[in-house]
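Submitted below is the structure of interest, expressed as structure tokens.
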There are 2 protein chains.
Amino acid sequence: MDIETFVERSLGRWRSQRSNHNLAFQHSEEVHSTIDIGAIAPTDPAVTQLCLEQGIDPDLARSPFHMAWKGESDWDDNEISEGSCLLVPVAEPGSNGQRGQLLRSQGYAETMPALGKYRFTEEGVFVLITPYDRASAEERIWFGTPNLRFRVSMIRTSDGQGVVTASFASEIRSSAPAAEVA
Amino acid sequence: MDIETFVERSLGRWRSQRSNHNLAFQHSEEVHSTIDIGAIAPTDPAVTQLCLEQGIDPDLARSPFHMAWKGESDWDDNEISEGSCLLVPVAEPGSNGQRGQLLRSQGYAETMPALGKYRFTEEGVFVLITPYDRASAEERIWFGTPNLRFRVSMIRTSDGQGVVTASFASEIRSSAPAAEVA
């Protein structure tokens with residue numbers, strides 16, 4: 001698996017069912033959401049700008065994409081969380097797209113730009129580690145079938161010792177990428 | 001990671017919080033349970049018997065263990081599921097405990113003995129695939145910290161194409177193995 005293939009397989013609309021585990025209290029929250037992932041041209045000005053903000057050569061951007069989500073939690077029927085961000089993978093030279101950096105215009109855990117490191121395991125699992133000020137997020141994404149994606153996320157304390165929350169999402173494709181539909 | 005180390009780290013009592021995702025209906029069930037994992041002597045008659053039933057040389061058994069669980073589902077307050085089984089890893093000769101078979105006196109998905117295949121990924125994730133009559137179970141277990149175990153399970157249709165259910169468990173150690181407590 002390489003980053004170009006991984007992004008290509010991820011394009012489209014997904015219905016996501018996520019269970020968030022609070023580890024200290026051992027209770028959980030269910031979130032249902034819709035996630036749209038669409039390709040962005042590497043020459044898009046927003047891609048260039050995000051690269052330059054992080055001091056990265058825009059020519060190194062690979063398969064940038066846009067992600068938008070809209071979700072409902074079982075904790076509060078009225079709470080609908082939604083958002084979107086631009087994601088720009090930057091492959092490490094010589095790695096054949098096996099590892100590199102991921103620039104994000106807005107992080108999950110904090111509402112500011114994030115810079116994570118990704119790699120693929122021998123089994124094709126995408127592993128992303130994103131450091132934040134007081135914590136780090138560790139995500140693992142893999143395909144069960146071409147139309148089923150799994151995502152396990154953990155938030156670790158910044159000393160790397162404790163895991164505060166963990167979540168598991170099953171994501172089922174509900175429509176093909178826009179380019180294929182058209 | 002090898003099977004002896006993995007079993008050793010798993011010994012003790014764990015509080016498990018599991019989210020079962022039904023993928024067709026996208027609803028989920030929460031199960032809280034207590035899991036006790038204890039070492040069994042390789043020379044125990046039950047180990048020998050389970051090996052012989054599966055046509056395996058009992059001398060190949062490594063780190064056999066006993067597992068007992070007692071759980072409550074959020075679907076039915078009165079439903080308490082409990083059970084126990086004996087598990088016997090059989091290392092593949094020459095694999096340094098990196099892969100082999102796992103004999104189980106009783107499977108999760110069906111109440112009959114099961115014979116699965118295990119291996120460890122380069123990251124130390126224990127992967128177990130157990131074929132049943134009309135389905136196969138795929139489990140991945142790894143440690144977030146020495147006292148935190150994660151387990152992702154999937155049930156695939158026997159043709160390997162569809163995934164019917166997926167579950168995620170966070171398991172937190174609540175006491176050390178009996179031998180260390182004493």
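The values are calculated or read from the model by the stated rules, or taken from the named source; none is laboratory data. What you see is a predicted model, and the numbers here were worked out from it, not measured in a lab. No Cβ is skipped: glycine too gets one built from the backbone with ideal geometry, and neighbour counts run over all protein chains shown. These accessible areas exclude ligands, DNA and RNA; they are computed on the full protein's heavy atoms, side chains included. Shrake-Rupley method; radii C 1.70, N 1.55, O 1.52, S 1.80 Å.
Does the range A:121-146 hold any residues that are open to solvent by less than 20 Å² (accessible area, probe 1.4 Å) and in a strand (DSSP E or B), and which are they?
A:PHE126, A:VAL127, A:LEU128, A:THR130, A:ALA137, A:GLU139, A:ILE141, A:GLY144
I'm told A:ASP74 meets every condition in (1) within 14 Å of chain B (Cβ to nearest Cβ); (2) touching a Lys or Arg at 6+ places or on another chain (Cβ under 7 Å); (3) of a type outside the set (A, V, I, L, M) except one. Can you identify the failing condition by its number?
Only one criterion is unmet by A:ASP74, namely (2).
When B:SER10 is evaluated against the numbered criteria (1) within 14 Å of chain A (Cβ to nearest Cβ); (2) in contact (Cβ under 8 Å) with a residue 24 or more places away in the chain, which criterion, by number, is the only one it fails?
B:SER10 satisfies every listed condition except (1).
Suppose we keep only residues that are in a loop (DSSP other than H, G, I, E, B) and open to solvent by 70 Å² or more (accessible area, probe 1.4 Å) within the range B:56-80. Which one would you say is farthest from B:GLU171 (Cα to Cα)?
Per the criteria, the residue is B:ASP57.
Another question, then. With (1) touching a strand residue (DSSP E or B) at 6+ places or on another chain (Cβ under 6 Å); (2) assigned to a loop (DSSP other than H, G, I, E, B); (3) surrounded by fewer than 14 Cβ atoms within 10 Å (Cβ to Cβ) as the list, and A:GLN106 as the residue in question, which single condition is left unmet?
(3)
Mind checking whether some residue in the range B:81-100 is part of a strand (DSSP E or B), closer than 28 Å to A:SER167 by Cβ and either within 14 Å of chain A (Cβ to nearest Cβ) or of a type in the set (Val, Ile, Thr) (or both)?
No: the range B:81-100 contains no residue that is part of a strand (DSSP E or B), closer than 28 Å to A:SER167 by Cβ and either within 14 Å of chain A (Cβ to nearest Cβ) or of a type in the set (Val, Ile, Thr) (or both).
Restricting attention to the range B:152-168, and to residues there that are within 19 Å of A:ARG18 (Cα to Cα) and within 10 Å of chain A (Cβ to nearest Cβ), which single residue is surrounded by the fewest Cβ atoms within 10 Å (Cβ to Cβ)?
Looking at residues that are within 19 Å of A:ARG18 (Cα to Cα) and within 10 Å of chain A (Cβ to nearest Cβ), I get B:THR165.
Count, please, the residues in the range A:25-45 that happen to be touching a residue at least 40 places away in the same chain (Cβ under 8 Å) and over 18 Å from the mean Cα position of the chain (by Cα).
Total meeting the criteria: 2.
For the range A:13-44, what are the residues that are part of a loop (DSSP other than H, G, I, E, B), open to solvent by 40 Å² or more (accessible area, probe 1.4 Å) and within 14 Å of another protein chain (Cβ to nearest Cβ)?
A:ALA24, A:PHE25
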